[in-house]
Amino acid sequence: MSRKDVLLPIFLGLSTVVLLFVVSMYKQNTFCANSVSCVKNLNVSVENDSVGIFNGREVTPPKIDLTADAERASKVLGDQTATGEKHIYVDLATQTLYAYQGNTLFMQAYVSTGKWHPTPTGDFKIWIKLRATRMTGGSGADFYDLPNVPFVMFFGNAEVPASMGFSLHGAYWHDNFGHPMSHGCVNMRQVDAEKLFYWTDEPGASGGTPVTIYGQANI
Amino acid sequence: MVKRIFRLLLLFFVVFFGGIGVFLYTQKDQPKTTADLENVKLPTVVVAESPDASQTSPDGKRTLTMKTVTSGDLTTYSFTDSSNVLFTKTLPKDSKMGIPINTWSPDDKNFFVKETNSGVTNYYAVPGEDNVADLFRQKYPTATLQEITGWADRTLLILNVNIDGKDASFWYDLASKSFIRLSNRFN
């Protein structure tokens, strides 16, 4: 075989691999947990007269009264005497969330993490909290459009940036906590998400409450 | 000529699949385990939940409570919300009933409870009092119901089963009283 005979297939093979790699990187960098809504609107969005869509069926979102929130916050948190840094842990293997302040366990709750796309693992920080927002994504039979998603806490880090739109939030459309159900976000029971939302710090310039996600979900 | 083309193709595929192998390895998801998180204090205290006696709905608006009264060889289980009795069942004393963690449907209108009686597990969906486990066994006599885990929406219960030697999931639709096999298993 001549040199051309050897170099040509090597070049073609490597070019194909590089092309696949570039396409994969592009797909990863443009991925968003909620493929349509993503993080386009970071204003609090309350749509009490809207109807959602999930699993091809209509879903009625919870009514939200923002004026009642200030009073709710103190009721939900109760007496707070713990000291130390706040930190959230999510164990994907057991689908359990733990919220600690120092060495004191503030709450423990079952969650539903990524079924259709893995929830990322690592050390993150909450970068914004929204009392409610609309989440839209998927396509075909998997399409969902959910107004009034409550108690949303977006998190990210250098590897999983804010633009990828992963969050902890309440979920009113299913009740299967303890089992992966989401498109990557950490779904919580509404009462648990509410408690966590009022407990977490308001994000500052260097980010908010840290979130550590670890383990491997059984999906 | 044929030999030459064959060699060229062989070389192309060796490079291509070798590159794919390297590519896939670099893309492999390597989730952090507790061993990786050296500087992070992970929770060591796990507070066990006792879901059997009562369970609040996900929005906090309703609480289902189970009360038991034993008389002789029988135990009566009553499931109440506030003072309203929503479901009762009387069973032999050595049976057991409980409230699963995901008992309430997302709209708080339905719930399901679990019974273990003589080694057989049943699940009752309320209202309607369908014995979903028994209905499933009748419909799919060779399958094994492993667990009903919760609700996919306001009327769809999620059943994890083993059918034809494979783990699978079904929905049971309370509205149509029908089973729908899913293309994915919900672990």
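With respect to B:Asp94, determine if the residue is among the charged types (D, E, K, R) and buried (at least 17 other Cβ atoms within 10 Å of the Cβ). When the stated conditions are applied, B:Asp94 does not pass them.
The rows are residues; the columns are (1) within 14 Å of chain B (Cβ to nearest Cβ); (2) under 30 Å from A:Trp199 (Cβ atoms).
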position	(1), (2)
A:Val6	yes, no
A:Val18	yes, no
A:Phe21	yes, no
A:Thr67	no, yes
A:Ala70	no, yes
A:Gln80	no, yes
A:Ala93	yes, yes
A:Lys115	yes, yes
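Just for the range A:192-205: of the residues that are among the aliphatic types (A, V, I, L, M) and modelled with pLDDT of 95 or more, which one is farthest from A:Asn176 (Cα to Cα)? The extreme case among them is A:Leu196. Taking (1) surrounded by 22 or more Cβ atoms within 10 Å (Cβ to Cβ); (2) part of a strand (DSSP E or B) in turn, A:Asp123 satisfies each apart from (1).
Restricting to the range B:153-170, name every residue that is within 13 Å of B:Phe112 (Cβ to Cβ) and not β-branched (Val, Ile, Thr). Result: B:Arg154, B:Leu156, B:Leu157, B:Leu159.
The residue of the range B:141-187 that is nearest to the other protein chains (Cβ to nearest Cβ), among those that are part of a strand (DSSP E or B) and hydroxyl-bearing (Ser, Thr, Tyr), is B:Thr149.
For the range A:161-215, enumerate the residues that are among the aromatic types (Phe, Trp, Tyr) and surrounded by 23 or more Cβ atoms within 10 Å (Cβ to Cβ).
Going through the range A:161-215, the residues among the aromatic types (Phe, Trp, Tyr) turn out to be A:166, A:172-173, A:177, A:197-199, A:214.
Matches in the range A:161-215: A:Phe166, A:Tyr172, A:Trp173, A:Phe177, A:Phe197.
The set of residues in the range B:78-121 that are under 30 Å from A:Pro61 (Cβ atoms) and among the β-branched types (Val, Ile, Thr) comprises B:Thr80, B:Ile99, B:Ile101, B:Thr103, B:Val113.
The values are calculated or read from the model by the stated rules, or taken from the named source; none is laboratory data. None of the values given here were measured: they were computed from a predicted structure. Here the Cβ is made from the backbone with ideal geometry for all residues, glycine too, and neighbour counts use every protein chain on show.
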